[in-house]
Amino acid sequence: MRLDKFLSSTGRLSRSAAAKAARAGRISVNGEIVRSADRHIDPELDVVVLGGEQLTYRRFTYILLNKPDGYVSATEDGRDPTVLELLPEELQRQNLFPCGRLDKHTLGLMLLTNNGPLAHRLLAPKTHVEKTYFFTLRDPIDAAETARLEKGVYLIDGAGDRYLTRPCAIEMDETGKAGTVVLTEGKYHQVKRLFEEAGNRVLTLERIRFDTLTLDGLDERGAWRYLTVREEETLLAHLNQSQQ
Ligand code: URA
């Protein structure tokens, strides 16, 4: 594997930044300064040190992104821009895909990865990963109505089938028109349909949590960053725990 590819896989440097760091003498392989980032290395065996820190190879790429309005959570779309287009070209070539969907006008947290088996586990209906959404409503809603929705109501899914929603947790602010909902399933337009069932309408929707992941450090819409090693480990540990 090329050294610059290895460095970008660790989430530390883009390929062009890796080339610069190499020229500046900040990278060593097995104790020897390497001035060219196109040098080939064995990511499992060679010891790569960047600015004094030893780096570990990450087989998969994980990106957290703050989805802006108007982008679709797909890898390709003939009409609208996709969330992949928010990433540099070099990342667009890494076969990343969105782990789950957000509607075109839903904002907030998206995980993108090229780890298919992990995405499959996170999205499997039996995994019940928690997702928190912040929403605003057209009309105020009262405590009795939110309690009814929390227990579970019948909705029609995208295929036209009736299903009972899993219990969820709703917290409203004092206006009764904005709040958060924690869901453990990801049915088609779930949040919107939930409040439509109560004769209301969701005006804005933002995902602020996906299992153990939050938008920490991604205040701007369209901003993205690599998952830290700690976030990746916490997510995997939590997933293993919840599937035992
Ligand atoms: N529920 C919705 O209605 N839309 C989303 O994008 C996500 C959850």
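Once the piece of chain linking GLU174 and ALA223 is laid out straight, how much longer is it, given 0.36 nm per residue of separation minus the C-alpha distance between them? Length difference between fully extended and current span is 14.6 nm. Determine, from the Cβ-Cβ distance of ARG162 and SER242 and an R0 of 25 Å, the FRET efficiency 1/(1 + (r/R0)^6), rounded to the nearest 0.05. Efficiency for this residue pair is about 0.35.
Summarise the accessible area of region 20-109 (1.4 Å probe, protein heavy atoms) by the percent that is carbon and sulfur.
In region 20-109, the share of accessible area belonging to carbon and sulfur is 44 percent.
Name the shape class, rounded, prolate or oblate, that the alpha-carbon gyration tensor gives for region 3-54, where a ≥ b ≥ c are the square roots of its eigenvalues, rounded holds for a/c under 1.5, and otherwise prolate holds if a/b is larger than b/c and oblate otherwise. Rounded is the answer for region 3-54, as its axis ratio a/c remains below 1.5. Among LYS151, LYS67, LYS192, the order of accessible area from largest down is LYS151, LYS192, LYS67, computed with a 1.4 Å probe on protein heavy atoms. For each pair in LYS104/LYS151; LYS151/LYS187; LYS67/LYS126, compute the distance between the two Cα atoms and list the pairs where it is over 23 Å. Table pairs above 23 Å Cα-Cα are LYS104/LYS151; LYS67/LYS126. Looking at the chain, what % of the alpha carbon pairs are farther apart than 32 Å? Percentage above 32 Å: 32.
For region 159-179 and region 183-218, what is the separation of their Cα centres, given in Å? Cα centroid to Cα centroid, the span is 8 Å.
Treat region 135-244 as a sphere of radius equal to its Kirkwood radius over Cα pairs and apply Stokes-Einstein at 25 °C in a medium of 0.890 mPa s; give the translational diffusion coefficient in µm²/s, rounded to a whole number.
Calculated translational D: 155 µm²/s.
Under 5 Å from the amide H of GLY100 lies no amide H of any residue 5 or more positions distant or on a separate chain, with H modelled from the backbone and absent for Pro and chain starts. If only the Cβ of Lys and Arg carry +1 and only the Cβ of Asp and Glu carry -1, the dipole of region 62-226 around its Cα centre is close to 460 debye.
The DSSP beta bridges internal to region 82-233 are antiparallel in roughly 90% of cases. Pair-distance distribution P(r) for region 1-88, from all Cα-Cα distances in 10 Å bins starting at 0: 17, 41, 20, 17, 5, 0 percent.
The values are calculated or read from the model by the stated rules, or taken from the named source; none is laboratory data. What you see is a predicted model, and the numbers here were worked out from it, not measured in a lab. Reconstructed Cβ throughout: ideal geometry from the backbone, glycine too, with neighbour counts over all protein chains shown. Remember, those area values only see protein heavy atoms, side chains included, never the ligands or the DNA or RNA. Shrake-Rupley method; radii C 1.70, N 1.55, O 1.52, S 1.80 Å.
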